[in-house]
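Here the structure comes first, spelled out in structure tokens, and everything after it is commentary.
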Amino acid sequence: MARHLPKVARRVRRADRLPSLPMDDSGATGAIRFLVGLGNPGERYERTRHNVGFLVLDRLAGTTNWQRCGLWMESDVTVGGEPIRLVKPLTYMNRSGEALAELFQRANGRPEEMVVVYDDIDLPWGRLRIRAKGGPGGHRGMESLVTELECENFPRLRVGIGGPPSGQPLEEFVLEEVRDSLWTEFESIVEQAAEAVRLLLEEGVGRAMNQVNPGPRDRTEPREARELNGGGCRHDG
């Protein structure tokens, strides 16, 4: 997994200057146009924990075709009767923000119009958490998104993959192939995550949080009420 790479010039400034989308009483931050799954391209990474974002999008896409558009793959689907674009960055995890900056420039989009799905080692295996906004929490792909887009004000679904066994390096753990019975469990988690995304898109962020998040909290989980207030994106001018 790549370490630090130089950033490209910011290409989303024009979209960032637009006014913020209003948040409704369910916690939704306006119309969602993009569903972004974080992962790494290539057969080597297909069945790894770090690729859960790609796997969830594959489940939602079904038999719909994907097409390459520069730095990402995309597929247009319908969820809950509404059109949405599925997006897989092809820049590898640590540079995901570069692809999204280019996407929003081409599509005249903005970060608040996306939902991001990604793996989280701070959540137990199979635990799901929806957040309305917030920082990257140490996740390299999310760090790239927040840095390139200069924005934390977008919903996300965190999929718990647990942490590595004692003595195993983190990078090896998240990038190793998931096999046998564990893969069967992982497929079930992916399906549950896909259902959580459908719920979020159909019912709004607030209602989805109330249904998906209850249960024992990990130590890094902030209060939902705090997530639904404050924060946002940088707006120039």
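Annotations for the structure displayed:
- Ascending count of other beta-carbon atoms within 10 Å, so fewest first, for ASP120, ASP58, ASP180, ASP76: ASP180, ASP76, ASP58, ASP120
- Scattering curve values for the range 125-190, log₁₀ I(q)/I(0), Debye with Cα scatterers, q = 0.13 Å⁻¹: -0.48
- Given their separation in residues at 0.36 nm each and the Cα-Cα distance between them, VAL77 and THR184 gain 35.9 nm when the chain is fully extended.
- Coordinate range along principal axes, alpha carbons of the range 26-227, Å, largest first: 46, 38, 32
- Segment ASN210-ARG44, extension gain: residue separation times 0.36 nm, minus the distance between their alpha carbons: 56.1 nm
Laboratory data are not the source of any read-out in this text; all were calculated from the coordinates shown. As the structure is a computational prediction, the values presented were derived from the model and not from experiment. Positions of Cβ are backbone-derived with ideal geometry, glycine not excepted, and every protein chain shown enters the neighbour counts.
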